[in-house]
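The values are calculated or read from the model by the stated rules, or taken from the named source; none is laboratory data. Bear in mind that the values here come from a model prediction, so they are computed numbers and not experimental data. Cβ atoms come from the backbone with ideal geometry, glycine included; neighbour counts cover every protein chain shown. Keep in mind that these areas ignore ligands, DNA and RNA; they rest on the heavy atoms of the full protein, side chains included. Shrake-Rupley method; radii C 1.70, N 1.55, O 1.52, S 1.80 Å.
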Amino acid sequence: MNQSLGYLAAILAMVIYALTTILTRLAADRVQSDIGLIVVTTVAVVSSFAAQLFLVVIGWTLSIFNLSAVLAFSASGFFSAYLGRWLLFESVVRLGPSRASAFLTSVPLFTGFFGWVILEEHLSLNDWFA
């Protein structure tokens with residue numbers, strides 16, 4: 001069950017990222033990318049807080065506090081929500097959505113490579129073919 005929810009979340013993330021790319025191009029003509037980045041980052045932080053609050057309300061709480069996990073998620077947020085989006089916005093504005101999305105399709109390749117090198121994760125033969 002958890003694995004299928006993981007696949008569903010990954011597919012949903014891809015769809016949302018595709019919509020983000022298109023909306024970024026539409027918004028780039030109307031507002032500076034710096035202001036857009038602030039808006040997007042604020043929405044990401046507020047929606048993440050709301051999602052966490054919802055999980056607490058329904059009774060799904062963390063069992064222990066882990067400082068290294070909090071720091072890792074904070075670094076992830078900086079690189080993804082801030083730096084990654086800024087680079088995405090700039091590439092969409094400068095290259096257009098179709099060219100910028102060509103670079104975005106390489107994200108799974110880099111994710112797999114860093115997972116292999118840094119986390120020492122390995123893919124099965126079926127995973128490679130998928």
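Of note:
- Failed item in (1) within 22 Å of I11 (Cα to Cα); (2) open to solvent by less than 90 Å² (accessible area, probe 1.4 Å), with L95 passing the rest: (1)
- Odd one out for F89 among (1) assigned to a helix (DSSP H, G or I); (2) open to solvent by 70 Å² or more (accessible area, probe 1.4 Å): (2)
- The number of residues in the stretch 62-90 being under 17 Å from M14 (Cβ atoms) and free of Cβ contacts under 8 Å to residues at least 40 places away in the same chain comes to 2.
- One residue alone among S124, S63 is at pLDDT 80 or above and among the polar types (S, T, N, Q), and that residue is S124.
- Checking each residue in the stretch 44-63 for being more than 18 Å from S74 (Cβ to Cβ) and either in a loop (DSSP other than H, G, I, E, B) or open to solvent by 90 Å² or more (accessible area, probe 1.4 Å) (or both) picks out L53, F54, V57, I58, G59, W60, T61, S63.
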